[in-house]
1. So which of 227, 232, 271 ends up being out of contact with any strand residue (DSSP E or B) (no Cβ under 9 Å at 6 or more places or on another chain), at negative phi and at pLDDT 95 or above?
2. Pick from 342, 322, 307: which is modelled with pLDDT of 95 or more and outside the structural domain of residue 44 (by TED's automatic domain parsing)?
3. Please verify whether residue 235 is surrounded by fewer than 20 Cβ atoms within 10 Å (Cβ to Cβ) and over 21 Å from the mean Cα position of the chain (by Cα), treating the condition exactly as stated.
4. State all residues of region 340-380 that are under 22 Å from the mean Cα position of the chain (by Cα) and farther than 18 Å from residue 291 by Cα; if no residue qualifies, say none.
5. Modelled with pLDDT under 95, in contact with a strand residue (DSSP E or B) (Cβ under 6 Å, 6 or more places away or on another chain) and not in a strand (DSSP E or B): does that describe residue 188?
6. Can you tell me which of 332, 278 is at pLDDT 90 or above, closer than 27 Å to residue 172 by Cβ and not in a loop (DSSP other than H, G, I, E, B)?
7. Condition first: closer than 26 Å to residue 34 by Cβ and buried (at least 20 other Cβ atoms within 10 Å of the Cβ). Now tell me which residues in region 349-377 satisfy that.
8. May I ask you to list pairs of residues, at least six apart or on different chains, whose Cβ atoms are under 6 Å apart, with the first in region 99-124 being at pLDDT below 95 and the second being part of a strand (DSSP E or B) and surrounded by fewer than 24 Cβ atoms within 10 Å (Cβ to Cβ)?
């Protein structure tokens, strides 16, 4: 009888599902996918994400852009997409032989998936904690029941979870890697600016609604600043999510202020700036990493503000102030988002050397609190430990 050759059976690939529900989650998720595959190329990674996670090597099951919601009152229109995605992922988790579920922020959706995973005996790693320290702190015990390990990006978050009996590790802030990886071409930018000619960056946000709300006041502030400092120049980086035409609609027909529009170059604008006027959000931490004085502005609908005011339990809106534990940069909110008030704060920063230096010292302390680069790789190592590698 002929001898049959034995066929080598290929080892079964270990499958991981990563769920990110918005653009920032897709960015941080893509870095994590790259780190995981660099450590273990044979992994099979599925994702709820977008183009960045796909480019990094994940198989995208659902595009996260169909799930993203901003504002308490805006969620209703997205509910059909959210429920459809949840049902599809619930089925996937139950039917696939997953070794690990990694959740990135997006808590209302992700905690429901965590419950599905726990019932299926699949361990859960949560990367980038929900902001329970700001509101809904009562959900910490629930997270502790549904999650096996937390990888947190703000140092004070560790105690919140450990007190509830959940293993938590501070991995550093992922922005440190993202900014440092994009800085190699920015080194000479600031050196090209003549001393005494301040550059001011205007960052009105990445969502059209907030740009329409905040940019007119920023432009009014620019006019007032320029009237008192004729050497000042202004930069307005346009976020990829905002059509240039929308910005041009907001610009006055005769705007006699030196303003340069830069498409998709926020980091270049930050690197060049002496002062940044920006919408509250992650951009405030980016500005802190660049060590730039800033003014935070924010305005939402009256209903969202009233609801948020009742629910949010922090004294400040800006992440830099929250991390510092005190007000180190000015915040102008709601009715205070006015050109005159913004300009007054800007001129104080530009002209009061002591005030500016004190702000820079405090910003350096905030940057130090964000930890060291390498967050994605640390999380990838945690994930591989959890699946037995």
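1. 227
2. Testing whether each residue is modelled with pLDDT of 95 or more and outside the structural domain of residue 44 (by TED's automatic domain parsing) leaves just 342.
3. No.
4. Those that are under 22 Å from the mean Cα position of the chain (by Cα) and farther than 18 Å from residue 291 by Cα: 374, 375, 376, 377, 378, 379, 380.
5. On the way: modelled with pLDDT under 95: yes; in contact with a strand residue (DSSP E or B) (Cβ under 6 Å, 6 or more places away or on another chain): no; not in a strand (DSSP E or B): yes.
Against the criterion (modelled with pLDDT under 95, in contact with a strand residue (DSSP E or B) (Cβ under 6 Å, 6 or more places away or on another chain) and not in a strand (DSSP E or B)), residue 188 does not qualify.
6. When all the criteria are applied, what remains is 278.
7. 370, 375, 376
8. Here the result reads none, with nothing in region 99-124 linked to a residue that is part of a strand (DSSP E or B) and surrounded by fewer than 24 Cβ atoms within 10 Å (Cβ to Cβ).
The values are calculated or read from the model by the stated rules, or taken from the named source; none is laboratory data. Just so it is clear, the model here is predicted, and its values are computed rather than measured. Positions of Cβ are backbone-derived with ideal geometry, glycine not excepted, and every protein chain shown enters the neighbour counts.
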